[in-house]
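A short worksheet on the structure shown next.
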């Protein structure tokens, strides 16, 4: 495991220190200016649409309503990465990593908007009249880059395994923190069984489940966080000060041991930020392609999802960790740190957070099973769908017993590899996005 971790860490650092980070920044900046900062112009419209469900029309082609499609995307984006991921990021890269998450998310909103429109525009239908869309179809049908499309699909399949392992690992960590006597394998088996029940129902069942669970768990989590912030109101200015100062200094909880510095904060913020909001990965394009809504409407909802996942949920996590930093034991990371921070307000909060973590993880696993299956179908055909589902369920169980470092590192590497072909396709086809935006 040590040799594997060392190799994957080297590859991850190379990808994230070079091409991935560069492409994310360039793509986000380019799209923001080309689309006249669509993330500012249309964000209000996105929230109005989200709350009114105003684009849930039944007359369009697709497997899901627009609300179900964006909730499926947010099910994938809002996972334990928004809680335990942030609780890991602030230890590795300092609280300054949160600032760089904001930066990546702001420009990533334009990227998510664009990839959704392109995914919807170049989608197709299989023999069972189910929607097939995403960056692999944008690359193959829009640009004729079949090999690059296959590369993306392979990375997407692997990344889905990474997400499954991270979510399963985080849930088991949280449960075992409360009851150390429980077997990690048994808990992982329960998560696997629950996943299997929904996976067998397909995308429409997933859409219905996500439409109920995602709004509920996001609202519950934000209310809990708000109560903690109110009770520690005097610490909020200091929390923001820590975020902005550490964004440009070498301060980090274990930064000295891991390199520290501005680069570490930027790299950590970008990696965990992408894992938390998925802007640039291509997942919004896959779920958005299934929507019956207008592609621009769905794109607006996608960028609104990025805002909610990062600016609200991740920020809430970061602020709670910051204002309670003097109230929790030192040396904690991931789920145990998040549990300790929330239970500092009231002991019952650890159980409420546990429920939230389970729901976050469960819906994320479901969403990424769908993404991974669509990617696998692209390069191997639908004949392997059942086999992929079985393997995926095994990976969920495997994630429950693996070490956290190996799981996160593998997931980050796969994410970085997905970004490269996806952003290339967006940059080359940005004129289509601009045209559809102007027609809206």
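Every number in this text was worked out from the coordinates using simple rules, so none of it is lab data. Computed from a predicted structure; not experimentally measured. Here the Cβ positions follow ideal geometry from the backbone for every residue, glycine too, while neighbour counts run over all protein chains shown.
Data for the structure
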| item | result |
| --- | --- |
| Sorted peptide list for 8-14, 235-241, 419-425, criterion being average Cβ within 10 angstrom, highest first | 419-425, 8-14, 235-241 |
| Crossing angle, helix 19-34 versus the chain [Cα axis fit, 0-90 degrees, rounded to tens] | 60 |
| Which of 278, 128 has the fewest Cβ neighbours within 10 Å, and the rest in rising order | 128, 278 |
| Whole-number percent relative contact order across the chain, with pairs defined as alpha carbons under 8 Å at least 6 apart | 38 |
| Footprinting exposure proxy for 297, 130 (fewest neighbouring C-beta atoms within 10 Å first) | 130, 297 |
| Three-way shape label, segment 365-423, alpha-carbon gyration tensor, a/c 1.5 | oblate |
| Top of 142, 305, 94 by mean-square fluctuation, Gaussian network on the chain, Cα under 10 Å | 142 |
| Highest-first arrangement of 335-342, 378-385, 119-126, where packing means the average Cβ count within 10 Å | 335-342, 119-126, 378-385 |
| Within a Gaussian network of the chain (alpha carbon springs, distance under 10 Å), most fluctuating of 358, 26, 197 | 197 |
| Diffusion coefficient, µm² s⁻¹, Stokes-Einstein with Kirkwood Rh over alpha-carbon pairs of the chain at 25 °C and 0.890 mPa s | 116 |
| 222 nm mean residue ellipticity, helices alone, for the chain (DSSP H n ≥ 4; -39,500 (n - 2.57); rounded to 500) | -24000 deg cm²/dmol |
| 0 to 90° range, to nearest 10: angle between helix 236-246 axis and the chain longest Cα axis | 70 |
| Prolate/oblate/rounded label for segment 322-399 (Cα gyration tensor, a/c 1.5) | prolate |
| Nearest-ten-degree value, helix 385-399 long axis tilted from longest Cα axis of the chain | 10 |
| Order by protection proxy (mean Cβ within 10 Å, highest first), peptides 185-191, 371-377 | 371-377, 185-191 |
| Length released on extending from residue 181 to residue 348, taking residue separation times 0.36 nm less the Cα-Cα span | 58.1 nm |
| Percent of C-alpha pairs per 10 Å bin, segment 122-248, short to long | 10, 20, 28, 25, 15, 2 |
